Amino acid sequence: MILRAGLSLVAILMLSACAAPPSPRATPVADEALTFVTTPDCAPGTVTIGFAGDRMRMTTASRHYTLHETPTAHGMLFVAEDDPHTSFWSEDGSALVMVRGKHYATCRMDRPKPYRASGNEPGWLLDLHFDGPGLRFSTARGDIRVKLPTPEAVRSGTRTRYAGHADGTPLIVDISEQRCLDSMSGMPYPDTVQVRHGDQRFIGCGGDPASLLQGGEWLVEDIAGRGLIDASHVTIDFGEDGRLSGQASCNSYVGGYQIGGETLRIPLAMTTMMHCAPALMQQEEHFLSLLRQVRWFEFDADGALILVTESHERLIARRA
């Protein structure tokens, strides 16, 4: 999903384990449409920061706080309305949080990556940058070309909206966390995107297709229609760094994967050299052979991952 840097938005902060002592009570805060920033590089522990109007909402594991902006010589400082010892301070990509007098470690707030969406008939392209270039939207036929600073994101549930004006014409981008298939290539994407420019509407897909594969281990349940040997264990794990690893039946394996254009390719580097029962070794050899031949991926209606080879053989896996 889209994340936007800046303290006028929401921050989800992964903070250090130096948490504050539990509060005797929690202050409820009504659900509000909030905007998102990036996840800083911090030690484990979670504090959520968001904005409602000119007030900051901060949620710890045990309590909600409302904070107001306070003058400071450097950066931006917000202090809790009912507790001067609870605050949030940020400057130059770093954040410092204090909860009831206890300090969390200083966290680095990484800038989010640019976001791209596109569609067909007519062709269009949207780029969202959170530094520098801003928002860029254009159609393939060249009748619309928009450049403007990336608007603040407003999030409601699984939807995020960016709304602005270009030369007096409203531009609204709605991004929904709903899996989308490109209408020409068939490539799966994590988001469904709608762009409205004046009275024109454009629908397509957005986000990084690799994110659909990442985020945890997949358990293989079928190899080319043959199922799996009882009690055997075959897994695939797509790392965010482009690395691939897993269990092949008897041995573990490592390699890489690349998504480009309309294809998924999986070059394997090595496996361990253990020996198991002949049936397991045969299953492992078949699995690794097919994995090297994968050229495509898709999902069924139940969310199972289907890896398809050049010869249309399939590996089917589900989240562990």
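The values are calculated or read from the model by the stated rules, or taken from the named source; none is laboratory data. Given the structure is predicted, the values throughout are model-derived calculations rather than measurements. For neighbour counting, all protein chains shown are included, and Cβ atoms are generated from backbone atoms with ideal geometry for every residue, glycine included.
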*When both residues are 6+ apart or on different chains and their Cβ atoms are under 6 Å apart, which pairs have a first residue that lies in region 58-72 and is at pLDDT 85 or above, and a second that is hydroxyl-bearing (S, T, Y)?*
H64/T27; Y65/T86
*Go through (1) under 19 Å from the mean Cα position of the chain (by Cα); (2) closer than 23 Å to Q258 by Cα; (3) of a type outside the set (S, T, N, Q); (4) surrounded by fewer than 19 Cβ atoms within 10 Å (Cβ to Cβ) and name the single condition C205 misses.*
(4)
_Residues that are over 25 Å from K113 (Cβ atoms) and crowded, with 20+ Cβ neighbours inside 10 Å: does region 258-279 have at least one?_
no
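Per-residue answers, yes or no, for (1) among the polar types (S, T, N, Q); (2) within 15 Å of R319 (Cα to Cα); (3) assigned by TED's automatic domain parsing to the domain that holds G303:
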residue	(1), (2), (3)
F202	no, no, no
L228	no, no, yes
H233	no, yes, yes
E240	no, no, yes
S245	yes, yes, yes
L264	no, no, yes
*Boolean, G142 is under 30 Å from W296 (Cα atoms) and either in contact with a Pro (Cβ under 8 Å, 6 or more places away or on another chain) or not assigned by TED's automatic domain parsing to the domain that holds D302 (or both)*: no
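Go through region 304-320 and give me each residue that's of a type outside the set (D, E, K, R), closer than 20 Å to G215 by Cβ and either more than 24 Å from the chain's Cα centre (by Cα) or modelled with pLDDT of 95 or more (or both). Talk me through it step by step, then tell me what you get.
Let us first name the residues in region 304-320 that are of a type outside the set (D, E, K, R), namely 304-309, 311-312, 315-317, 320.
Keeping just the survivors that are closer than 20 Å to G215 by Cβ gives 304-307, 315-317, 320.
Answer for region 304-320, where residues must be of a type outside the set (D, E, K, R), closer than 20 Å to G215 by Cβ and either more than 24 Å from the chain's Cα centre (by Cα) or modelled with pLDDT of 95 or more (or both): A304, L305, I306, L307, L315, I316, A317.
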*Given the conditions (1) at pLDDT 95 or above; (2) assigned to a loop (DSSP other than H, G, I, E, B), and given that E240 satisfies all but one, which numbered condition is not satisfied?*
(1)
*Looking only at region 208-218, and only at residues there that are part of a loop (DSSP other than H, G, I, E, B) and under 10 Å from the mean Cα position of the chain (by Cα), the one that is surrounded by the fewest Cβ atoms within 10 Å (Cβ to Cβ)*: G215
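Looking only at region 69-100, count how many residues are more than 17 Å from V47 (Cα to Cα) and of a type outside the set (S, T, Y).
Number satisfying all stated conditions: 11.
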